[in-house]
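Before any comments, here is the structure.
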Amino acid sequence: MSLLERPGRKLGSSDLRLGPLGFGCVPLGNLYTSISASQALETVTAARNSGIDYFDTAPFYGFGLSERRLGVALGAEEEVMISTKVGRTLFPAKGRPVDHGIFREAPPFGAAFDFTHDGVMRQVEDSLQRLGRDRVDCLVIHDLGLWHMETTDVLEGHYKDLAGGGLRALEKLRAEGTVRAVGAGANELTLCNRFIERPEIDFILLALRFTLLDQSAFPELMNDAARTQTGIIVGAPFQSGILATGTSGDTLNANYGDADGETIVRVRRIEAICATHSVPLPAAALQFPLLHPAVASVLAGMRSVNEVAANAAAMLCPIPPQFWSDLQAEGLIPAALDCGAAPQ
């Protein structure tokens, strides 16, 4: 069995164990640029051949395209873990213009937020049809950060639908075995804190806030997750680009936008320590989140066979303990973080 496969780390208090590197399927939905159906199939196949067995998708990724492509690529294979998401219902555009935003050549569907009981149940049924399965392992409440937050400490709008029935639907789906674990997805720490102790939630899918560049989730959220046995899956480990490309690229992206000067300087300091220890920056970025025991897996988006190979090699790259100690000494990662949990 490959080191990238299960048995891996336990996902919170659930019975799931995930391998250290997960396949983020948003590129299969033609994020920013289109890829062909054959390229999508080849990329997923390469991931399986490399030992990656955890795949994360969503209805919103390409308006159904990512789920459909993943379903075709995996077929009826059982030795995989799949997570998808709820929160948006897709509907036929019927000739009406729809804005697909960052997704190219998407199918003729629109999407509307829906966190009601019936909406969640319908979304899961539709996802299972696109995936060609009768169950999934993980189900994530999608895009919590797009909700409106009131200063009175009450989430309005969609939260009312979720609290009024959506969470009940998630519990029902878990109880009947249609899903095995339920998670909440966000990159805003205040929202994560609202969900981390809810009994309906087994894990948090946390993007951007526990990376080699941004550790704002530490110590409070990360330690609360360990205390409550709430699993953490880390998304966007490359900070949306700059931790994969480094600072020598023509386009420097961070936090889904252009990297600012302070970010670039910080990454250059990290690059200098990487050079001292002959550690590739992407390897450090992928392995850093696993320093915390609450983290079960790290999700990286992949759109080609070459990206799969690069990410698999980066996750398996040996990193000496002194590398992490030097980052701590320079104040680039928290001194209180126990680097003894490093995967290498």
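Of a type in the set (Asp, Glu), at pLDDT 95 or above, farther than 27 Å from LEU18 by Cα and exposed (fewer than 14 other Cβ atoms within 10 Å of the Cβ), is that true of GLU262?
yes
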Evaluation of PHE323 against (1) in contact with a helix residue (DSSP H, G or I) (Cβ under 6 Å, 6 or more places away or on another chain); (2) part of a loop (DSSP other than H, G, I, E, B); (3) hydrophobic (A, V, I, L, M, F, W, C) (one fails), failing number: (2)
PRO289 being closer than 24 Å to LEU4 by Cβ, in contact (Cβ under 8 Å) with a residue 24 or more places away in the chain and assigned to a helix (DSSP H, G or I): yes
Lone qualifier among SER66, SER13, SER83 - being in contact (Cβ under 8 Å) with a residue 12 or more places away in the chain, in a loop (DSSP other than H, G, I, E, B) and of a type outside the set (A, V, I, L, M, F, W, C): SER13
Residue tally, condition surrounded by 23 or more Cβ atoms within 10 Å (Cβ to Cβ) and without any contact (Cβ under 8 Å) to a residue 40 or more places away in the chain, over segment 16-39: 0
Residue list for segment 216-247, restricted to those being in a helix (DSSP H, G or I) and among the aliphatic types (A, V, I, L, M): LEU221, MET222, ALA225, ALA226, ILE242, LEU243, ALA244
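With respect to PRO289, determine if the residue is in contact with a Phe, Trp or Tyr (Cβ under 7 Å, 6 or more places away or on another chain), within 24 Å of HIS142 (Cβ to Cβ) and either at pLDDT below 95 or not hydroxyl-bearing (Ser, Thr, Tyr) (or both).
yes
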In segment 292-335, residue nearest to GLY12 (Cα to Cα) [restricted to those that are touching a residue at least 60 places away in the same chain (Cβ under 8 Å) and surrounded by fewer than 19 Cβ atoms within 10 Å (Cβ to Cβ)]: PRO293
LEU205 in contact (Cβ under 8 Å) with a residue 12 or more places away in the chain and within 24 Å of ALA335 (Cα to Cα): no
Filtered residues of segment 248-281 (kept if in contact with a Leu (Cβ under 9 Å, 6 or more places away or on another chain) and not in a helix (DSSP H, G or I)): ALA254, ASN255, TYR256, ASP258, ALA259
When residues of segment 90-134 are limited to those that are of a type in the set (S, T, N, Q) and at pLDDT 95 or above, the one surrounded by the fewest Cβ atoms within 10 Å (Cβ to Cβ): GLN129
Matching residues in segment 158-203 - criterion: being of a type in the set (Val, Ile, Thr) and either modelled with pLDDT under 90 or touching a strand residue (DSSP E or B) at 6+ places or on another chain (Cβ under 7 Å) (or both): VAL179, VAL182, THR190, ILE196, ILE201
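Could you list, in sequence order, the residues of segment 49-63 that are surrounded by fewer than 19 Cβ atoms within 10 Å (Cβ to Cβ) and either part of a helix (DSSP H, G or I) or touching a Pro at 6+ places or on another chain (Cβ under 7 Å) (or both)?
Listed by number, the list holds a single entry, ASN49.
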Number of positions in segment 20-52 that are closer than 26 Å to VAL182 by Cβ and modelled with pLDDT under 95: 1
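The values are calculated or read from the model by the stated rules, or taken from the named source; none is laboratory data. Not measured: the values here are computed from a predicted model. Quick reminder, even Gly has a Cβ in these numbers, built from the backbone with ideal geometry, and neighbours come from all protein chains shown.
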